[in-house]
Amino acid sequence: MGSRPQPPDLRQEERRLLHAALVEQEEDDEDEEGSEESSRAEPVTMPTFDVPYFRYIDDEGTEGEEEWSSSRSLSSIEEDSSTDSVVSDRYVVVSGTPEKILEHLLNELTLDDDQGTTQGKESDTLLDDFLLTYPVFVTTSDLCQALLGHYCAKRYRGKEDRKEALERKRKVLHLVSQWMSLCKDFLREDEHVKLFTKTLYRYVLDDLYEHPTLETDVRELQKLYQLHRRHTVDEYSPQRKSKALFHQLSLKENGLQSRCAHRESKEVLCQVYITMDSYLRVRAHAEVEAQELLQAVAERMDIPQGELVLVAVTYPGGRLLLQPHDRVFSASLRPVGRLHICRKDLGEILNPFTDNSELQQRTARILSLNTWDVAVALTNFDWTIFESIHEQELVYFTFSRHAGSNRTVVLELMLQRCNEIQLWVMTEVLLCSTLCKRVQLIKKFIKIAAHCKAQRNLNCFFAIIMGLNAAAVSRLSQTWEKIPGKFKKLFSELETVTDPSLNHKAYRDSFKKMKAPKIPFLPLLLKDITFIHEGNKTFHDNLVNFEKLHMIADTVRLIRQCQKDHMGNGITQKSSSEARAYIDYLHIIDNQQTLFELSHRLEPRA
């Protein structure tokens, strides 16, 4: 996908949108005035399109029929559908231009009366596919312009009765409502969307006098956009005769106070390095300040806060000393740099792993925790991240759209969490210097992995198994020889689920049997999407390969299916405060060379 041009000035775009709408309205009026003369002269011809926008599937599976022709025109399709003899109601959208895909979607869209029918379900699936994947082939600005055009323009410039006009407008509003409900987190700060919603809201208010049944849609718009009807009408509506109606509607809704947009306070995971190759994982809120983070780390390390400072190492190599009230994370929820805890003279980087008493204390602490409680704390932690993932994040991540923006922050956080759990398992085992305690620790992790699988947290389950199977841990032959037979058997059974043969068939079968809510192994899900993406072209002869986008949308919908059960419940359970406090602050070594050095120190090569 090539880079998009910079968005035009919003004021110029608003004037252009309004001018286009006025020209459209004038042309539609001229069409209505001249409709009688033109009908007497010669019939109105419908435009034809000789591009294979859609492929239609015949129930009978006939071959050689005209509907399979790649040059099939839109007018011939309409003629066949009127006879009900050739073309079936069932269809599959294979490819098309963005404009024709949107037009077809609006034509096939079903409103409340048709919900629940077979046609309605197919329409809902097509709509969901479009809304999840539209960023691949059209910008948000272009989609807004197209929707305004469909709302204002009259189809084929022909005469359109009020019922058809109302249905078309309601379909556009239904699509917009579904779009905003599905993608509101991504669209909240988009300036093009703000302009679009304001303009559309104005048009709907002006249409209320002619189509009073749009009142329900206006209320839906108010809920979605938190707009104030009276202010908008007084400022924009040119129809004085309809102001009384607007005022009455406003009085009706006087008791429904619009809620201000509330942005949920998000939690973030901080990596605070305490050595050059190891860090402390800290859970904090997005607006955390340097002094809060410093205090949390100092308490965890049992070092006076006054002796420490928080330094952000920027990637070019510079150092930034964070002041007490400096924000640690930017608006995009990314840290200002690599965070380090240092002595006040900035000359010494702490190394808490050299003190043997510290090592013994931490090992004793994890061995004293109940394995089920630890698994519950891990699952609750992962669930707070997973339930915030939006399906569209996987689309943006796969197609590398908006790199560096906050559109994939939560997904990246979950992937990072999987990697960190794996490193945490390795760190804990390799920092345990006593053989008997190391054996107990591995037994603990095997039981924790089994509990995570029982709690339907497959992401953490995979991470723990991969951590125990890592070369730096698996090479500890003296340690594994001491593991009891029943634990080795349990570990072998758990390994079977992670077996990658036959495209991870064992995992897929096991995961399919689990009821929602559940946490999938996200790296494998991304692998599936990447396989679809790289194995199929996005465009064929400048037409959007919508069949590919349907396959991707069908895959990312797994996120939605896993996040809630049929009752809307989550996966969280009550966990012990001690286990929760331990999981919130994990010591992690992220340097593979250091991990191997620790491994060879424990069990040198023969």
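The values are calculated or read from the model by the stated rules, or taken from the named source; none is laboratory data. Bear in mind that the values here come from a model prediction, so they are computed numbers and not experimental data. Every residue, glycine among them, receives a Cβ derived from its backbone with ideal geometry; neighbour counts consider all protein chains shown. Surface areas here come from the heavy atoms of the whole protein model, side chains and all, with no ligands, DNA or RNA. Shrake-Rupley method; radii C 1.70, N 1.55, O 1.52, S 1.80 Å.
Some values worked out for this structure:
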{"item": "Net lengthening on full extension, residue 475/residue 125 (0.36 nm per residue, minus Cα-Cα)", "result": "121.0 nm"}
{"item": "Amide H partners (placed H, <5 Å) of residue 544, local residues excluded", "result": "96, 97"}
{"item": "1.4 Å probe accessible area per residue over the range 485-578, in Å²", "result": "59 Å²"}
{"item": "Potential extension, residue 510-residue 585 segment - 0.36 nm per residue separation minus Cα distance", "result": "23.9 nm"}
{"item": "Between the range 495-516 and the range 574-604, the alpha-carbon center distance in angstrom", "result": "27 Å"}
{"item": "Residue order for 189, 215 - accessible surface, 1.4 angstrom probe, largest first", "result": "189, 215"}
{"item": "Environment charge at residue 325 (Cβ cut-off 14 Å; Lys +1, Arg +1, Asp -1, Glu -1)", "result": "-3"}
{"item": "Karplus (6.51, -1.76, 1.60) ³J(HN,Hα), θ = phi - 60°, over the range 418-424, in Hz, Gly and Pro reported as x", "result": "4, 5, 5, 4, 4, 5, 5"}
{"item": "Karplus-derived 3J(HN,Hα), 6.51/-1.76/1.60, for each residue of the range 500-514, Hz, glycine and proline x", "result": "x, 5, 6, 6, 6, 4, 4, 5, 4, 5, 5, 5, 5, 6, 6"}
{"item": "Where the Cα pairs of the range 266-307 fall when distances are cut into 10 Å bins, in %", "result": "28, 56, 16"}
{"item": "Gyration tensor over alpha-carbon atoms, the range 432-558, equivalent ellipsoid semi-axes in Å", "result": "38, 15, 11"}
{"item": "Inter-label distance for residue 111 and residue 482, nm, one decimal - labels placed 7 Å from Cα along Cα-to-Cβ", "result": "7.4 nm"}
{"item": "Solvent-accessible ranking of 309, 556, largest area first, probe 1.4 Å", "result": "309, 556"}
{"item": "Length added when fully stretched, residue 547-residue 209, from 0.36 nm per residue minus Cα-Cα", "result": "117.5 nm"}
